[in-house]
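J.: Have a look at this one before I ask anything.
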Amino acid sequence: MTENKGFGGFFGSSDPDLNIPVKGTAALSPYMNLDPRIVQDNENYILSEGAGGHQRGKFEKAFSQIGGCVFIGGALGGANGVISGIKTSKGYQASVKRTHMLNVISKQGASSAQAFGTVAFMYSAIDTSLSLLGSHDEDLNTVISGTTTGLLYKCTGGLKGLRKGGAVGLGLSLLYCLSTSPRIWASY
């Protein structure tokens with residue numbers, strides 16, 4: 001009977017019959033019993049940044065921006081919910097006031113988060129589509145995407161909604177381009 005010096009199954013086995021030789025043991029990962037050369041040149045695996053030649057696409061990079069917009073929208077909506085909840089809950093008992101505040105904060109936070117996330121998703125999809133169609137002028141793509149997003153987001157509001165949404169989208173995208181474009185500021 002052999003003495004079991006290992007921890008068993010999960011951490012490895014001390015059974016001598018299971019000693020399978022691995023070529024090049026210096027390349028073994030310290031965290032897994034896996035030779036990393038198996039996954040280095042195989043495109044079936046998701047690699048971390050810098051690990052290979054795979055580049056993330058424009059829309060894939062936009063996911064973090066969309067998520068950030070959802071969080072910002074939720075925070076702004078929650079803050080607005082606190083203010084309106086305080087205004088509308090005067091004269092309530094403490095337990096009713098607390099419940100009312102939680103309802104207002106959660107409803108306005110969720111509504112704003114959804115609106116911000118929808119606008120960010122629409123903008124990212126339009127911007128990515130324009131760049132895939134061959135337009136390489138980033139400032140022009142930004143203005144077109146912002147204006148189109150504003151138009152689409154407010155399209156259910158009739159002509160007045162379309163004008164308002166398009167104007168807000170155009171204004172915000174122009175403001176963004178003016179603040180970030182080195183071509184514009186280089187002339188001053």
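J.: Roughly what would the spin-label model give for residue 125 and residue 59, points 7 Å off Cα along C-beta, in nm?
T.: 0.9 nm
J.: Let's test the formula: R0 of 25 Å, r as the Cβ-Cβ distance of residue 99 and residue 79. What FRET efficiency results, to the nearest 0.05? If you can, show how the numbers build up before the last one.
T.: Working: r = 19 Å, r/R0 = 0.77.
So the FRET efficiency works out to roughly 0.85.
Values quoted throughout were computed directly from the atomic coordinates according to the rules given, and no laboratory measurement underlies them. What you see is a predicted model, and the numbers here were worked out from it, not measured in a lab. No Cβ is skipped: glycine too gets one built from the backbone with ideal geometry, and neighbour counts run over all protein chains shown.
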